[in-house]
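Okay, so here's the structure we're looking at.
The values are calculated or read from the model by the stated rules, or taken from the named source; none is laboratory data. Just so we're clear, the structure is a prediction, and the values are computed from it rather than from any experiment. Note that we place each Cβ from the backbone using ideal geometry, even for glycine, and neighbour counts take in every protein chain shown.
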Amino acid sequence: MIEQRARPGTFAIEDDGVDPATVPKRRLRSGAAIPAIGLGTFGSDRFTAEQVAEAVLGAAGVGYRHFDCAAVYGNEPQVGRSLRAILDGGVRREDLWITSKLWNDRHGDGQVSPACEASLADLGLEYLDLYLVHWPFPNHHPPGCDVGARRPRARPYIHDEFMRTWRQMEALVDRGLARHIGTSNMTIPKLELLLRDARIPPACNEMELHPHFQQPELFRYVVERGIVPIGYCPIGSPNRPERDRTAADTVDIEDPGLVRIAERRGVHPAIVCLQWAIRRGQVPIPFSVRREQYLANLKAAVAEPLTDDEMRQIAAIDQRNRLIKGQVFLWKDGQSWEDLWDPSGEITPP
Ligand SMILES: NC(=O)c1ccc[n+]([C@@H]2O[C@H](COP(=O)([O-])OP(=O)(O)OC[C@H]3O[C@@H](n4cnc5c(N)ncnc54)[C@H](OP(=O)(O)O)[C@@H]3O)[C@@H](O)[C@H]2O)c1
């Protein structure tokens, strides 16, 4: 199916799609422009690699040019076939924005370059637009493992070790394998140290951001330092895996204030989440394999923006409800997941 669509010069935007030239962009410190919305590609254990790859192809057909990938999502070879079809169909490489991420078992000396090269080979690309350190903890966990799983030799964040990983990330930029490098799941104290010591500072920080988890302090911190925030779980990941749910979690798209705005505008609350994200200045990367959803999500980026009043209403519904808590990264007994996020304002001691 994917290969059948790879006919030279035939990649046109579908009639009901969005002209990629009209999708807003965010300017990075380098001067490069990242499309203000991208398609997530983590299938959350619910969709196969082939279904996600089909969605990438379909999404490009309705106008997406930004795809958020990662080695650990287990689908880069399949997504790569879709990217090949998109490029063979006439989309220029420079018009795509492709992100991938270094998984936690590849932080060690000599491991970053082979990991990046493997993603490039799987995605069928010569360079990435953005390569992120997926988590600041060097602890491998197999995809889909239970949140109670602990690695016997789990390690905390150790800045000197992280810098050794970061030096290897910087070398990828020097070699032209990644146009930009960045971080994900960081906190202010960790970023403080990285910004102090980096030769090439992070261009972007990918972080959980949705109306019920707005992270105003970290958001402001990165924006003020010229780091573009990329927002994951932008709709509040309503169908995330069971292992990532707790009884206390709230549901963004059921929030009465958000639902009221959606009803007034005649759209799904998911669309309001995305319009809020785009107007606020983060780059949301909503996931969906359903054409009507990913098309509606892209259209949110070119629709009439939310009003100042609607933005204020959404600012007021933050529940500080982190969904992706990261429990598997805890490194000693008796800790709570909050420890991973440096709640005291200092890096949680080892
Ligand atoms: N850096 C990191 O550590 C990290 C962590 C998590 C995620 N991410 C990235 O962020 C992406 C997005 O996160 P996510 O998938 O967890 O959360 P999300 O984008 O907030 O939620 C996705 C779900 O929302 C529903 N949805 C999407 N569009 C909709 C629409 N227009 N109307 C109604 N429902 C809609 C879909 O549910 P149905 O499928 O049931 O229809 C979809 O599965 C991931 O794919 C991944 O690329 C990165």
Are any of the residues in the stretch 327-338 touching a helix residue (DSSP H, G or I) at 6+ places or on another chain (Cβ under 8 Å), within 12 Å of the ligand (Cβ to nearest atom) and over 30 Å from P20 (Cα atoms)? yes
Quick one: what pairs do we get from the stretch 35-55, first residue among the basic types (K, R), second within 8 Å of the ligand (Cβ to nearest atom), C-beta under 7 Å, 6+ apart or different chains? R46/N239
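Each row is one residue, and each column tells you yes or no for (1) free of Cβ contacts under 8 Å to residues at least 12 places away in the same chain; (2) out of contact with any helix residue (DSSP H, G or I) (no Cβ under 6 Å at 6 or more places or on another chain); (3) crowded, with 21+ Cβ neighbours inside 10 Å; (4) under 26 Å from G43 (Cα atoms).
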residue	(1), (2), (3), (4)
A277	no, yes, yes, yes
P284	no, no, yes, yes
Q293	no, yes, no, yes
A300	no, no, yes, yes
E304	yes, yes, no, no
E310	no, no, no, no
A315	no, yes, no, no
Q319	no, yes, no, yes
R322	no, yes, no, yes
Given (1) surrounded by fewer than 17 Cβ atoms within 10 Å (Cβ to Cβ); (2) near the ligand (Cβ under 10 Å from one of its atoms); (3) modelled with pLDDT under 95; (4) not hydrophobic (A, V, I, L, M, F, W, C), number of the condition P349 does not satisfy: (2)
Would you be able to say whether some residue in the stretch 232-246 is surrounded by fewer than 17 Cβ atoms within 10 Å (Cβ to Cβ), at pLDDT below 95, more than 11 Å from the ligand (Cβ to nearest atom) and not basic (K, R)? yes
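Listed here are the residues, each with its yes/no results for (1) more than 21 Å from the chain's Cα centre (by Cα); (2) under 28 Å from Y64 (Cβ atoms); (3) of a type in the set (G, A, S).
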| position | (1), (2), (3) |
| --- | --- |
| C273 | no, yes, no |
| I278 | no, yes, no |
| V283 | no, yes, no |
| V328 | no, no, no |
| S336 | yes, no, yes |
Tabulated pairs, the stretch 327-350, first under 17 Å from L191 (Cβ atoms), second among the β-branched types (V, I, T) and surrounded by 11 or more Cβ atoms within 10 Å (Cβ to Cβ), C-beta under 6 angstrom, 6+ apart or interchain: W341/T187; D342/T187; D342/T348
On the given criteria, is I227 in contact with a helix residue (DSSP H, G or I) (Cβ under 6 Å, 6 or more places away or on another chain), touching a residue at least 12 places away in the same chain (Cβ under 8 Å), under 28 Å from M311 (Cβ atoms) and of a type outside the set (K, R)? no
Please determine, by comparing only the residues of the stretch 272-311 that are β-branched (V, I, T) and part of a helix (DSSP H, G or I), which one is nearest to the ligand (Cβ to nearest atom). V272
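Residues are listed down the side, and each one gets a yes or a no for (1) closer than 18 Å to Y232 by Cα; (2) at pLDDT below 95; (3) out of contact with any Asp or Glu (no Cβ under 6 Å at 6 or more places or on another chain):
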| site | (1), (2), (3) |
| --- | --- |
| V18 | no, no, yes |
| I37 | yes, no, yes |
| G61 | no, no, no |
| I86 | no, no, yes |
| L96 | no, no, yes |
Kindly evaluate G108 against the criterion of being surrounded by fewer than 16 Cβ atoms within 10 Å (Cβ to Cβ) and farther than 25 Å from A36 by Cα. yes
Filter the stretch 183-201 for residues that are within 14 Å of the ligand (Cβ to nearest atom) and free of Cβ contacts under 8 Å to residues at least 60 places away in the same chain; which is nearest to the chain's Cα centre (by Cα)? T183
Of all the residues that make up the stretch 248-262, how many are in contact with a helix residue (DSSP H, G or I) (Cβ under 6 Å, 6 or more places away or on another chain) and either in contact (Cβ under 8 Å) with a residue 60 or more places away in the chain or outside any helix (DSSP H, G or I) (or both)? 1
Spot the failing condition for C69; the list is (1) farther than 17 Å from A55 by Cα; (2) of a type outside the set (A, V, I, L, M); (3) in contact with a strand residue (DSSP E or B) (Cβ under 6 Å, 6 or more places away or on another chain), and only one is missed. (1)
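One line per residue, one yes/no per condition, for (1) touching a strand residue (DSSP E or B) at 6+ places or on another chain (Cβ under 9 Å); (2) at pLDDT below 95:
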{"residue": "A118", "(1), (2)": "no, no"}
{"residue": "R153", "(1), (2)": "no, yes"}
{"residue": "V173", "(1), (2)": "yes, no"}
{"residue": "I181", "(1), (2)": "yes, no"}
{"residue": "D197", "(1), (2)": "no, no"}
From the list V267, V251, V223, V173, which residue is more than 21 Å from A70 (Cβ to Cβ), crowded, with 17+ Cβ neighbours inside 10 Å and either more than 15 Å from the ligand (Cβ to nearest atom) or over 17 Å from the mean Cα position of the chain (by Cα) (or both)? V267
